[in-house]
Every structure is written in C-alpha cells, then in structure tokens.
There are 2 protein chains.
Amino acid sequence: MANYKIGIDLGGTNIAVGIVTEDGAILAKKSVKTGSQRPFEEIVKDMADCTTSLLEENNISLDNVLHIGIGAPGSIDTANGVVVYANNFKYGENIPMAELLRKHIDKPVYIGNDANVAALGEVISGAAKGLKNAIMITLGTGVGGGIVINGQIYEGQHSAGAELGHIMIVQNGEPCSCGRNGCWEAYASATALIRQTAAAMKEHPDSIMNKDYTLETVSGRTAFEAAKKGDAAGQEVVDKYIKYIAEGLIDMINIFRPEILIIGGGICNEGDYLLKPMREYINKYVYAGSRLPEQKIAVATLGNDAGIIGAAFLR
Amino acid sequence: MANYKIGIDLGGTNIAVGIVTEDGAILAKKSVKTGSQRPFEEIVKDMADCTTSLLEENNISLDNVLHIGIGAPGSIDTANGVVVYANNFKYGENIPMAELLRKHIDKPVYIGNDANVAALGEVISGAAKGLKNAIMITLGTGVGGGIVINGQIYEGQHSAGAELGHIMIVQNGEPCSCGRNGCWEAYASATALIRQTAAAMKEHPDSIMNKDYTLETVSGRTAFEAAKKGDAAGQEVVDKYIKYIAEGLIDMINIFRPEILIIGGGICNEGDYLLKPMREYINKYVYAGSRLPEQKIAVATLGNDAGIIGAAFLR
C-alpha cells in the first residue's frame, strides 16, 4: 500500500495542494484561488475540497494518506496548529487552522510558516537534497528565511525564530516594516531594489533606466537591464544591491556555516550576473576566508513546489 | 561504580582541569600555567600531568573516567580532534591535540572551541540548566558565541559556524580583526568599549574620566564609573555601547528565539546598570515586539567553570 502525504501551500494568491510521495516527489497537484480577504472558514473549506477532489481525480483513497501539512504565511504556533496572525489575510488572529481542517478531513494536520516549509522542501527534494543543514533565503517582497538543522526545521521558541530578514546591516538605516531600522530586508528585498532603482532614476535623469521605464513601471529588473546595456547609474544600483545581499549572506555563513546556503526569489533569474560578484564579495569577507573550503551557495530549484513538498514533510 | 568525565579548559593563561560528575558538578579542579608560547608537546604533557595528579589527589582511578574533553581557543576540527589554528598560541597549525593527549592517557578525547564549550557548560549546569536551546554571547577581548540546539553544540560545517561576533551591524564601519568592517565584535567587545572610551576622553578633556584615568589606564569600567557619577561624556559612551550590544542581541533573538540568551564577560558585573536599558532597547525593537512573551536573557553563572563542565560533556 502506498503512503502519500498531502502538502498545502497557502499563498496570498493561490492555494496549491499536492499529493506527495514518500520520496518527496509530487504525484499530482491542483490549485484554487485563495481569496485572502474571505473569512477563514471559507478558505479552509476550499483547502479541504481541493484536497478531496485531487485525491478523487487520482483514484487515491484517504486510507493511503498519512497526514496533511500546511505552509502558511505569518506567525504560526506550530505546536497547536494555530495561525497567530498573517498581515496579508483578513481572517483575523489565532485561527486554529489545523483543527478546522481536521473537521473536513479526518487526518493529522501539521502547519508551519511558509518560509520555513520552503526551506524544508528544498532539503527534501531540491537544491539541498541529501543534506541535513541548510539555510534558505528568499528575496521577494521581503527577505524570508528558513533554517533546517539535522533535517528538521529550526524555528525557535513560539515558532518565532528564523526571521532572517530582520538582522540589522545598517545602523540607523532605512525603516523596516518590523519597526526596526536598517534591517537586511529593507536593503536586500525586491521591494528595496525597486526603491533603490527609483531613487537612482530620479538622481540620474539621463540614465537609460528613464527611457525604458517610468517611476510607475520600474521593477526589480530595471537596474539589471540598464547595467547590461552599460548604463553607469544602473550598474551602481546593481553593485550596491549585490553588496547588500552579500552582507546578510556573510552573516548567515558566519553564524551557521551550513552545508548549503540556498537563495530563492525572482532576482535569481539574473543568474551569474548576480551570483558571480556576490560570491566574490562573500569569499573576500567571510570569516576565515580562504582558509576554509568555499561556502556552497545554490539557487533554489523547486520554485513554488518547495512549499507543497516541505508542507507534506512537516510533522 | 562512579563514572566521571574530565573537562579541560585550555586558556591563554591557565590550563584548568576538572573532574566532573555525571550530573555536571565539578568534584575537584586544578590548574597550571599554560605558557602559550611553548611548543604544543609541552602544553599537552602538562594537560596530561595535571589530569593524572588531580585524579591521584582525589583517589580516583582512571577506570572510573569515561573520557576527556578539551575546550580550546581558535578554529577546531572537532571531527578529527585537531586544533587548526589559534592566533594567541605559538604552537603552529593543525595540531592533532586529541591524539597527542591520548598518548599520555588512554581514554577517548574530544575537543571543541572554547566559546561553544562554555555555552554547553551553561546548559549543563549554569544559567540554562534544564533547557535545550540556548545562545551564549561572551563580551571579552572579542565577542564570542556559542549555539546549543537540542542540548548539543551547533558548530556548522568544518566546525566553523557560531562566529556570532562577526555579524555586521555597521556597514563600512570599524575594521574588525577578521578582515571585515563593522562587525558586532568591533563595537560590542570590551576592547571596543575601551577604544570608544578613550576617544571620548580625548574629545572631552573636562570629563571626569580624565581625572580618574589616563589613556594608559583606561578600562572597560571607566565610562560606567563616570556615568554613575553624572559625567555626560561617560554616559554617552555607556548609552552607545549598550545599544551596540543590544543590536547584536536583537539579531540573535530574531534568528534563534532561543529558550534563553546568556551573556557573559566582565562587563556583566555592571548588573542592572547594563541590563535594564539593554532589555528595554531589545524589547522595543525585537521582531514581533510585545506580541510575544519577553525573551529570557540571563547572565552566565559559571564563569570559568563553564569551560570545564562543557568540555567534560563533549562527545
């Protein structure tokens, strides 16, 4: 008898459900719109309905499902299966999501923070497959972090650790959404890159960035595209941004020396244009420098599937 | 039959050897001068001789000793029992210390970095007794760090993690001994405090600090003493220094949310004069602020004994 696990990635836009094998492969997946402004009962019911129909479509009985895991954004009380709060959802605080889902499907339900869960997914089946200790950093709207030690998510007391974007890299620096100033997230997120690019566009009216984009259409690609065309202002934005990313990554290496450091997020599409100077900067300033083997740094390979796979392996 | 473990704290000044019980208490201890500029063979022989005579003086047979643990400064290859390098010792690189000690005393020998070992000691018998996850920060000549997760030292690949003093808190800041700029250690160590105090003494000739101390006698206490007497320049040094400490501690909490955060080092003698404003600053800027229970922060209780006890519990 096959044993499957269900992994659910509860995102701000989509609920993605996957049937995951014991090897960490996705057998089948399906998604529905989240409707994050809806009451939580409706969202949970859609998670259950999507799971049930996915199993039916694949002729898999619930008897063959070990458990269900959910990766959800926000602050999660994993011990009790409760979403403490999630600022992009309207469903209020202290939602007992595991218990609510169990009312629809009578299986054990585990829940974890989405960034932690994605890190676990990459360890199970992605860039860190076969390894035990990994740190994953996702450069998106914010800077998300996940810590895997001995093959397990490390989340700290109250599931409140691994806020890796909220280390300070610039004292008295830019205000961060967390209330502190100078956080890594306020410099290395895609949001920060766009802010830095817009500032450079204003400062350098002649930059090619102002030909191809306006302050309304500026994106995380703007400065990279300009730099590749030889635009000095674009290059300056890129150089500084890469340093911001690298500084936080050096902190991560000095703290954890993980078997692998994984970075994710759309910015990774820049490939070696981002990674090569980033690695050079890291190698230059990391603790013990060249006296130790080079830190392995890889780009996440699973994309959104990391959330499904990692959730399925929660326990 | 009683089972004892031997813990050896190899310091720059003294070699301290202890007979440690299974409960983590020191039954007896003894120390000899390190003579850190001597060849490593002599140092290892003194470690062995000190152990042998301590056991004899306490009428304990080697048969009752399970193993020997050493906490040593510098970069340690714990898997192979090798001191890779230690910058305050003259004994060269890649010293196979565990193997050398075994030639004198035929018992299993384990070795760990002294900061990691001290953290383990505090978990076994000190401020974190009974807990599983602890971060320890020692504010001394540098800023040392130790990570204990699930009751075990976490040291990362090549035993090279837990360099907690080498996170950056000031971009393009003060040069650090590690080659990076702006490290926490370069702002929050006792060495940094003395530098900051001396700079304030030069800048404020009227400060009481210049009455009680000279630039030759200035110490980590100078600014605190002056501040307590109402000296504005001294108070300014203290206020800034406490913020530097707090910024790094906030990083540690956001990353680990440990069950307990332990701080050690002579500066802790300032007690609430240091701890109260430090806690206030941390509570204000830590991630999720008052939505979570206050982070437990305690002062190390074992002093130098932490190194002996932690070493004894290496494995």
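At a glance:
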quantity	calculated
Residue match in segment A:259-271 (condition: part of a helix (DSSP H, G or I), of a type in the set (D, E, K, R) and in contact (Cβ under 8 Å) with a residue 40 or more places away in the chain)	yes
Residue, farthest from the other protein chains (Cβ to nearest Cβ), within segment B:281-292, restricted to residues that are under 16 Å from B:MET252 (Cα atoms) and out of contact with any helix residue (DSSP H, G or I) (no Cβ under 6 Å at 6 or more places or on another chain)	B:ASN283
Restricting segment B:176-219 to residues that are without any contact (Cβ under 8 Å) to a residue 40 or more places away in the chain, more than 14 Å from chain A (Cβ to nearest Cβ) and among the small types (Gly, Ala, Ser), the residue that is surrounded by the fewest Cβ atoms within 10 Å (Cβ to Cβ)	B:ALA199
Positions within segment A:110-125 being of a type outside the set (A, V, I, L, M, F, W, C) and open to solvent by less than 10 Å² (accessible area, probe 1.4 Å), in sequence order	A:GLY112, A:ASN116, A:GLY121, A:GLU122
Complete set of residues in segment B:77-99 that are within 12 Å of chain A (Cβ to nearest Cβ) and closer than 23 Å to B:ILE19 by Cβ	none
Matching residues in segment B:138-152 - criterion: being of a type in the set (A, V, I, L, M, F, W, C) and either within 12 Å of chain A (Cβ to nearest Cβ) or in contact with a Phe, Trp or Tyr (Cβ under 9 Å, 6 or more places away or on another chain) (or both)	B:VAL143, B:ILE147, B:VAL148, B:ILE149
Selection status of A:GLN235, more than 21 Å from A:GLY140 (Cβ to Cβ) and part of a loop (DSSP other than H, G, I, E, B)	no
Single match in A:ASN304, A:ASN254, A:ASN269 (criterion: more than 19 Å from the chain's Cα centre (by Cα) and polar (S, T, N, Q))	A:ASN254
Selection from segment A:64-96 of residues that are in contact with a Pro (Cβ under 6 Å, 6 or more places away or on another chain) and outside any loop (DSSP other than H, G, I, E, B)	A:HIS67, A:VAL82
Qualifying residue in segment A:243-253 (condition: open to solvent by less than 10 Å² (accessible area, probe 1.4 Å), more than 17 Å from A:SER189 (Cα to Cα) and not in a loop (DSSP other than H, G, I, E, B))	yes
Residue count for segment B:126-137, restricted to those that are more than 14 Å from chain A (Cβ to nearest Cβ) and surrounded by fewer than 21 Cβ atoms within 10 Å (Cβ to Cβ)	2
Residue count, segment B:198-232 (criterion: under 20 Å from B:LEU275 (Cα atoms) and in a loop (DSSP other than H, G, I, E, B))	6
Residue that is least open to solvent (accessible area, probe 1.4 Å), among those in segment B:23-61 that are without any contact (Cβ under 8 Å) to a residue 12 or more places away in the chain and among the small types (Gly, Ala, Ser)	B:GLY35
Lone qualifier among B:GLY161, B:GLY173 - being in a loop (DSSP other than H, G, I, E, B) and either within 25 Å of B:VAL117 (Cα to Cα) or more than 14 Å from chain A (Cβ to nearest Cβ) (or both)	B:GLY161
Unmet criterion (only one of (1) open to solvent by 50 Å² or more (accessible area, probe 1.4 Å); (2) of a type in the set (Gly, Ala, Ser); (3) within 14 Å of another protein chain (Cβ to nearest Cβ)) for A:GLY303	(3)
Complete set of residues in segment B:8-22 that are out of contact with any Leu (no Cβ under 8 Å at 6 or more places or on another chain) and either in contact (Cβ under 8 Å) with a residue 40 or more places away in the chain or open to solvent by less than 40 Å² (accessible area, probe 1.4 Å) (or both)	B:ILE8, B:ASP9, B:LEU10, B:GLY11, B:GLY12, B:ILE15, B:ALA16
Index of the failed condition, A:GLY271 passing every other in (1) more than 19 Å from A:CYS183 (Cβ to Cβ); (2) buried (at least 24 other Cβ atoms within 10 Å of the Cβ)	(2)
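The values are calculated or read from the model by the stated rules, or taken from the named source; none is laboratory data. The structure presented is a predicted model; accordingly, all values stated were derived computationally and were not measured. Note that we place each Cβ from the backbone using ideal geometry, even for glycine, and neighbour counts take in every protein chain shown. SASA here: full protein model, heavy atoms, side chains in, ligands and nucleic acids out. Shrake-Rupley method; radii C 1.70, N 1.55, O 1.52, S 1.80 Å.
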